[in-house]
Amino acid sequence: MLFSGKGTHRSPSKATRIAALAGVTGVAIAAPLFAAGNASAATAAEWDVVAQCESGGNWAINTGNGYYGGVQFSASTWAAYGGTQYASQANLATKAQQITIAEKVLASQGKGAWPVCGKGLSRTPYAAAAPAPSTATRAAETQTASRSAERPTVTTPAGQKVAKGDGEYKVVKGDTLSSIAQKHQVKGGWQALFKLNKGVVANADVIYPGQQLHLK
């Protein structure tokens, strides 16, 4: 579930045709190693790919769906892995601080902590043997392991997995953001609908049958 981000979005007049196409390839801008002193750490570029997939690359995002920041931490995971030393929620922390916590989660849970978006994380930081996990860590691991169930996916015509979402409207074949906004009188039109579903719809021109979008 890797998506291409856009600087600006045009009205999705072609979305009906595009929605039947295969998925979209993720793009990330190359960046230097985040932790130059840790040869086993994932690079900032790799985390950019995860963030592009999870949140459209918005490290300060809070869509109200219970997940925060670029790689979409739940509040409990953020706290369990020490994120509150930086900010109360991940979206209030800097990109570098979010990556620091993300690497701790990656070290503990592997890239399955991001079951769809973490596939491109080719390295595992903090590979050295670690002491037995504390009760808090075990609780965080249990929460993270259930993340797949909390964030279900739908399959595109090309066989890719994309975020399903948990909104009140279920996308059907032929839908576009414009048609949905018009039909349900969404204030602000397709642009507002796109913002409401930023964590699910990464490209305003591409939505898939089965996705569940928030209308308000």
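The values are calculated or read from the model by the stated rules, or taken from the named source; none is laboratory data. Model, not experiment: these values are computed from the prediction. Here Cβ is always computed from backbone atoms with ideal geometry, including for glycine, and neighbour counts include all displayed protein chains. SASA here: full protein model, heavy atoms, side chains in, ligands and nucleic acids out. Shrake-Rupley method; radii C 1.70, N 1.55, O 1.52, S 1.80 Å.
Summary of computed values
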| quantity | calculated |
| --- | --- |
| Solvent-accessible ranking of Glu168, Glu103, largest area first, probe 1.4 Å | Glu168, Glu103 |
| For Ser74, residues with placed amide H under 5 Å, excluding near neighbours | Tyr68 |
| Residue-normalised accessible area of the stretch 148-199, expressed per residue, 1.4 Å probe, Å² | 58 Å² |
| Rounded to the nearest 10 Å², the accessible area of Asp48 at probe 1.4 Å | 30 Å² |
| Accessible heavy-atom area order of Lys161, Lys198, highest first, probe of 1.4 Å | Lys161, Lys198 |
| Ala75 versus Thr94: modelled label distance in nm, points set 7 Å from Cα along the beta carbon direction | 2.6 nm |
| Relative packing of peptides 181-193, 62-74 - highest average C-beta neighbours within 10 Å first | 62-74, 181-193 |
| With all protein chains modelled, accessible area of Ile61 [1.4 Å, Å²] | 10 Å² |
